[in-house]
1. Using the Kirkwood formula on the Cα atoms of the range 47-138, what hydrodynamic radius do you get, in angstrom to one decimal?
2. Quick one: compute a quarter of the convex hull surface over the Cα atoms of the range 93-148 and quote it in nm².
3. Residue by residue through the range 115-120, what is 3J(HN,Hα) from phi via Karplus (6.51 cos²θ - 1.76 cosθ + 1.60, θ = phi - 60°)? Round to whole Hz and write x for glycine and proline.
4. Show me, for the range 82-91, the HN-Hα J-couplings you get by feeding each phi into the Karplus relation (A = 6.51, B = -1.76, C = 1.60, θ = phi - 60°), rounded to Hz, glycine and proline as x.
5. In whole Hz and in residue order, list the ³J(HN,Hα) couplings for the range 252-257 that follow from phi through the Karplus curve 6.51 cos²θ - 1.76 cosθ + 1.60, θ = phi - 60°; x for Gly and Pro.
6. At a Förster distance of 25 Å, what's the computed FRET efficiency of Ser363 paired with Asn108, Cβ-Cβ distance as r, to 0.05?
7. Once amide H atoms are built 1.01 Å from N in the peptide plane, which residues 5 or more positions from Tyr193, or in another chain, come under 5 Å H to H?
8. What is the distance in Å between the Cα centroid of the range 69-85 and that of the range 271-302?
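No value in this document is a laboratory result; all are computed from the given coordinates. Source: prediction; values computed, not measured. Using ideal geometry, Cβ is built from the backbone for each residue, glycine included, and neighbour counts are taken over all protein chains shown.
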Amino acid sequence: TSAPINSRTNHIPMKKMTATTKLLFLLLLCAWLGALGRCERVERAASSERGLVLVKENKLTSLLGVAFLRLEASGIAFLSQADPLSVVSDNRMDVVEAPTDFCPSSPNASLQGNPAYPSMCSDADCGFEGMTYDFVSGDRYFAIVETVLTDGVYNGLLCQMDMQYTVQTCQLLTDYAFSTSNKGYEGVAVVRYNGELFLFLLCEGNHCTSGAKGREGGGGRIHVYQQQQQQSGATNSSSVLFAKIDTVKLPSSLNFEDYSGIDVYGNTLLVTSQSSSLFWVGTLAAKDENDFYVRDDGYVYYFPRTDTGSLLYCNVEGVAVMRPHDALFTVAQPPEEEDPRLVIGDALLGMSSDKSKSDQSSSCVEKDMMVHTFRLPFASSPSFSSSSSSFSSRE
């Protein structure tokens with residue numbers, strides 16, 4: 001009788017291989033291991049002064065040691081240097097813990113949390129688009145669902161998770177209605193100012209809309225939600241609500257087709273674009289706690305391209321500065337000479353990439369469903385010293 005397909009008898013014993021077959025086998029093995037990704041440093045020089053420098057990256061499936069698992073990575077959160085990165089996906093409710101060495105089949109990589117969907121999510125496409133850690137409370141994460149449909153209206157859904165990624169409560173954000181299901185909130189960041197907690201929710205489309213207008217650059221928008229006082233006599237966080245109090249306009253010069261990830265580090269605001277394969281950093285300021293604004297045009301950086309100049313990082317969603325966010329937003333009017341790039345300095349930028357789309361090129365597939373770390377190009381220069389950074393006074 002014939003052996004089962006997965007039987008060991010179907011493997012070719014090494015001792016029976018010819019020299020040519022052995023060489024071919026070893027080449028194929030090396031190629032396979034290369035596809036899985038490596039955990040050593042792979043920092044490459046930037047292609048230009050405005051090109052981000054890749055430090056490390058790997059497929060999420062490689063980190064977890066599984067062959068097939070659909071992980072449409074859409075947001076990333078940083079806790080501390082000793083902890084793994086937390087990665088959410090827009091097709092799941094659980095969280096990938098990704099150790100920052102990015103080694104394949106890492107024993108420290110795992111799926112955590114509760115995969116069950118909140119009651120407000122009516123279908124299996126309900127997943128998290130963004131995630132952030134509350135550095136002040138130190139005991140929770142915030143995660144955002146792009147939209148949910150309720151009574152014919154598309155609203156964002158804000159959830160709070162404990163440190164084991166279990167959803168504790170979710171709030172339907174009825175202060176703003178989106179026109180379609182797939183152009184809602186894409187990211188979330190925590191801002192503390194004057195003792196108050198604010199959440200910055202990033203709209204995916206320009207002008208927070210879809211269609212042609214949503215793809216016209218220069219209309220980037222961030223909705224600012226403020227935590228309201230807990231109801232009298234309440235003893236749990238489910239009664240603490242957030243209300244929309246402001247809208248931050250990104251620079252009109254920022255010609256992004258969409259917006260896919262956000263982080264706030266001190267007075268520095270960071271935003272990624274998936275469709276444009278670009279990254280932006282600028283300075284956040286405030287007139288008062290109800291009036292935040294972007295002070296300058298900031299700086300735009302390219303993700304690495306192929307040798308022929310084609311897009312390679314086509315699905316980046318999520319960004320997190322990989323330093324403890326002790327330098328929270330505290331200065332309403334930062335010094336005019338403060339450079340947001342120097343605030344970040346040589347810190348690693350953790351990022352995640354979604355699943356590639358059917359109409360994208362094969363180069364896009366190469367980098368999908370991944371976690372990456374990048375640096376700003378000048379920070380990788382031998383002449384750069386973090387002591388020259390204005391961040392050094394904030395640690």
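1. When all Cα pairs of the range 47-138 are included, the Kirkwood radius is 14.5 Å.
2. If you wrap the Cα atoms of the range 93-148 in a convex hull and average its projections, you get 5.2 nm².
3. Once θ is set to phi - 60°, the couplings for the range 115-120 become x, 5, 7, x, 4, 6 Hz.
4. Each residue of the range 82-91 in turn: 8, 10, x, 6, 9, 10, 9, 10, 7, 10 Hz.
5. So the Karplus estimates, Gly and Pro as x, are 5, 6, 7, 8, 8, 6 Hz.
6. 0.25
7. HN-HN under 5 Å from Tyr193: Phe198.
8. First find each Cα centre; the distance between them is then 22 Å.
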